[in-house]
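Read through the structure below, which is laid out as structure tokens, and then see the notes.
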Amino acid sequence: MSRVEVEHEEDGRWLAEVLELPGVLAYGTTRKDAIERVQALSLRELADRLEHGEEVPEVGGVLES
């Protein structure tokens, strides 16, 4: 099961990413903001993959807060 990885950058921004979905990462001004942004991006990526008949990895943990 996937989950969101979060890092606090030196410049003060927060970076959230989903390793099982390459390229799905988002910055935010707060930890919560970064997580919410990457969750929304993850949903868009999964929908795009489904629409194009591509493999969809197990990412259930991504949507947990």
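Tabulated results
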{"read-out": "Of the criteria (1) loosely packed, with under 10 Cβ neighbours inside 10 Å; (2) outside any loop (DSSP other than H, G, I, E, B), which one residue 43 fails", "value": "(1)"}
{"read-out": "Output for segment 1-16, where each listed residue is touching a strand residue (DSSP E or B) at 6+ places or on another chain (Cβ under 9 Å) and surrounded by fewer than 19 Cβ atoms within 10 Å (Cβ to Cβ)", "value": "5, 6, 7, 8, 9, 13, 15"}
{"read-out": "Condition check for residue 48: part of a loop (DSSP other than H, G, I, E, B) and over 12 Å from the mean Cα position of the chain (by Cα)", "value": "no"}
{"read-out": "Positions within segment 16-57 being of a type in the set (Asp, Glu) and either at pLDDT 95 or above or under 14 Å from residue 4 (Cβ atoms) (or both), in sequence order", "value": "17, 20, 33, 36, 45, 48, 51"}
{"read-out": "Condition broken by residue 26, with the remaining ones in (1) surrounded by 18 or more Cβ atoms within 10 Å (Cβ to Cβ); (2) assigned to a loop (DSSP other than H, G, I, E, B) satisfied", "value": "(2)"}
{"read-out": "Selection count where residues are acidic (Asp, Glu) and within 17 Å of residue 58 (Cβ to Cβ), scope segment 2-43", "value": "3"}
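The values are calculated or read from the model by the stated rules, or taken from the named source; none is laboratory data. Since the structure is predicted, the reported quantities are computational estimates derived from the model, not experimental observations. Glycine also receives a Cβ, built like all others from the backbone with ideal geometry; neighbour counts cover every protein chain displayed.
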